């Protein structure tokens, strides 16, 4: 079932974490309102000192032993995908936050999973991710948005509280691959894009089709970067604990290309949604952390050699 909702209802379907200030005319594709102008258009937060995304310089990342594994609830449940919508600047999948949650990984409590959306470039071979690693920019990036349970699923309440831990966003890089057999879930997901090509379009046909685990196949979710930041769209509220996973999701280049050739921006039905990412922001003294590598256990051969040396030294000592 396809329903055209209009701009106001689309904003409700796509929780304001993605476009927090709908009263400001911001964009990606016009010089007067693209991300270089956001600090002037929405100065309260977009020109702050803890903005996102950032370039993660691996040589400066610090170890943190508290960054343990996550507990994901409902990520294997195919009944959690409520709808998929064209928000006018991205594709947003709304999730059943009564069934989905994230905790662990040094997050300060339980976070309910609300939605995920994507950022991409022009084609599968062009830059499109928001975060970068040592200057490398991937073709796409997926953001899973989670709100602290103390806000009872109300994203607007977390934003209004100006709580630096109000939201936890999980970021996943997406890399193009020519191995379609590993990306069946992405084939299903992107097959719905033709139903939501215009801003405000949404469909619930996506229900009971795929799971988040299926979309995240192949990613080691125990390896990630962590830093404190903001929303990456206006009004850029600095309320996000960011987790950026190291392993990229490998998606068929054909499926990546569907995003930039099927959906259209809110400002014009004739302008395809491309390059909908914000440029990297200054770190301003923030520290990016990651897991502390486990010390490698000595090999059995090395252990045996060490034992022989110790026995030899002890025997020599006895003859002195």
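Take the alpha carbon gyration tensor of the stretch 57-155, find the square roots of its eigenvalues, order them as a ≥ b ≥ c, and report rounded if a/c is under 1.5; if not, report prolate when a/b exceeds b/c, else oblate. Oblate shape, in that a/c is at least 1.5 and b/c is the bigger or equal ratio.
When you restrict to C-alpha pairs under 8 Å that are six or more residues apart and normalise by the size of the stretch 186-266, the relative contact order lands at 39 percent.
Please state the shape class of the stretch 68-221: rounded when a/c is under 1.5, otherwise prolate if a/b exceeds b/c and oblate if not, all from the C-alpha gyration tensor. Since a/c stays below 1.5, the shape of the stretch 68-221 is classed as rounded.
Any read-out appearing in this document is the output of simple, stated calculations on the displayed coordinates, not a laboratory observation. Values in this document were obtained by computation on a predicted structure and should not be read as measured data.
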